[in-house]
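First the structure, in the form of structure tokens, and then the observations on it.
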Amino acid sequence: MVYYKRKEVWKLKDHNITSENSFNTRRDFLKKLGIGSILFSSTSLTSHPAFSSLYPPPVNKSYIAKRSLTAEYLATTYTNFYEFGSNKNIWRRASQLKTEPWTLTIDGLVNNPLVIDINDLLKKIGGIEERVYRFRCVEAWSMTVPWAGFPLNKILSLVDPKISAKFLKFETFFDPEVAPGQKQKWYPWPYQEGVSIEEAKNDLSFLATGIYGKHLPNQNGAPLRLVLPWKYGFKSIKSIVKITFLSERPIGMWEKLAPKEYGFWANVNPKISHPRWSQETEQQLGVEGRTPTIIYNGYEEQVSYLYKGLEKTLQDNLFR
Ligand SMILES: Nc1nc2c(c(=O)[nH]1)N[C@H]1C(S)=C(S)[C@@H](COP(=O)(O)O)O[C@H]1N2
Ligand SMILES: [Mo]
């Protein structure tokens with residue numbers, strides 16, 4: 001029952017769930033949920049006619065998370081999107097973002113740079129699929145959701161990276177008029193994140209356009225967001241406008257803001273505590289009790305080869 005589940009979420013408040021910075025975003029929002037007489041709409045408030053023929057996409061059965069799916073209303077209302085503020089009603093405010101038309105720029109060390117409309121990009125990619133992934137935020141909450149989209153590797157095939165390209169940098173839109181959080185000048189906007197090119201080639205690295213069989217609601221990062229299920233959630237950058245191929249490691253927004261707390265690799269690891277939060281267990285949204293956290297969020301078999309010999313560096317770069 002919805003009310004019951006809402007009560008479960010309310011409980012999170014007592015479990016050291018703190019926002020990425022110290023503004024206690026989630027707590028304020030959960031208070032709202034707790035007294036909630038809000039009716040949750042599970043679908044986005046904007047529509048993408050051009051995308052509708054893509055949904056629901058075929059399910060890729062190689063990706064089944066051994067956990068029950070998170071309720072859609074939780075995954076689509078319990079969201080982190082600092083561009084829209086660090087307090088309550090972020091999901092409502094995000095509806096202001098205009099995601100059509102949307103242009104993606106892919107540049108840097110590639111043989112075929114691209115400036116392309118998202119619909120045209122999806123045509124070139126030639127279809128999307130659904131995958132169920134576990135998702136783990138460094139605030140120690142987690143969810144299990146069906147994403148729709150395509151492997152990031154398909155972008156690499158399109159633009160043909162040069163040999164010198166070793167890293168990818170991703171950027172979110174910058175529009176303070178629409179996204180009031182971006183008026184807060186102490187954040188080094190726009191939101192940026194990065195991965196190594198080997199990580200980008202890993203089949204788990206996914207660019208999502210949808211969730212729960214529909215296109216992404218704005219608050220979850222429409223029209224295009226990264227999903228890296230073995231890394232902490234802050235790496236999974238939303239509403240991407242630009243991908244740049246680089247020879248040097250890029251610095252993410254959180255890393256710029258708090259280098260002692262947010263490293264580049266940020267692989268889920270129950271043994272390495274964030275300076276402010278233990279990572280040993282997590283609160284699955286809508287689930288009673290806490291769950292032990294698994295190394296690489298349970299994707300060790302798929303990703304550990306990427307970090308062979310890097311163990312010391314990882315220790316140093318996860319939460320420095
Ligand atoms: N542009 C942008 N991307 C972002 C964030 C953000 O504030 N802005 N928050 C990150 C964090 S901290 C998490 S945990 C996930 C949350 O994704 P979800 O809201 O879809 O659950 O998005 C990540 N991507
Ligand atoms: Mo997060």
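The values are calculated or read from the model by the stated rules, or taken from the named source; none is laboratory data. Everything quoted here is computed from the prediction, not taken from an experiment. Note that we place each Cβ from the backbone using ideal geometry, even for glycine, and neighbour counts take in every protein chain shown. For accessibility, only protein heavy atoms count, side chains too; no ligands or nucleic acids. Shrake-Rupley method; radii C 1.70, N 1.55, O 1.52, S 1.80 Å.
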Matching residues, region 194-223, being farther than 22 Å from Gly298 by Cα and either within 16 Å of ligand 2 (Cβ to nearest atom) or not polar (S, T, N, Q) (or both): Gly210, Gly213, Lys214, His215, Leu216, Pro217, Gln219, Asn220, Gly221, Ala222, Pro223
Taking Val303, is it farther than 25 Å from Ala200 by Cα and at pLDDT 90 or above? no
With respect to Tyr305, is the statement that it is aromatic (Phe, Trp, Tyr), out of contact with any Leu (no Cβ under 9 Å at 6 or more places or on another chain), without any contact (Cβ under 8 Å) to a residue 24 or more places away in the chain and more than 16 Å from ligand 2 (Cβ to nearest atom) true? yes
Counted residues, region 134-161 - those being near ligand 1 (Cβ under 9 Å from one of its atoms) and more than 13 Å from Val227 (Cα to Cα): 3
Take the residues in region 224-264 that are more than 12 Å from ligand 2 (Cβ to nearest atom) and of a type in the set (Val, Ile, Thr); name whichever of them is surrounded by the most Cβ atoms within 10 Å (Cβ to Cβ). Ile243
Return yes when Leu158 is outside any loop (DSSP other than H, G, I, E, B), surrounded by fewer than 21 Cβ atoms within 10 Å (Cβ to Cβ) and not basic (Lys, Arg) and no when it is not. yes
Tyr296 vs. criteria over 18 Å from the mean Cα position of the chain (by Cα), open to solvent by less than 50 Å² (accessible area, probe 1.4 Å) and of a type in the set (Phe, Trp, Tyr): no
Any chance region 261-275 includes a residue that's in contact (Cβ under 8 Å) with a residue 60 or more places away in the chain and more than 20 Å from the chain's Cα centre (by Cα)? no
When you look at Ser164, is it out of contact with any helix residue (DSSP H, G or I) (no Cβ under 9 Å at 6 or more places or on another chain), hydroxyl-bearing (Ser, Thr, Tyr), more than 16 Å from ligand 1 (Cβ to nearest atom) and in contact (Cβ under 8 Å) with a residue 60 or more places away in the chain, yes or no? yes
Filter result (β-branched (Val, Ile, Thr) and within 16 Å of ligand 2 (Cβ to nearest atom)) within region 60-84: Thr70, Thr76, Thr77, Thr79
By residue number, the members of region 167-196 that are open to solvent by less than 10 Å² (accessible area, probe 1.4 Å) and without any contact (Cβ under 8 Å) to a residue 60 or more places away in the chain are Val195
Could you tell me which residue of region 184-222 is nearest to ligand 1 (Cβ to nearest atom), considering only residues that are in a helix (DSSP H, G or I) and more than 24 Å from Pro250 (Cα to Cα)? Gln219
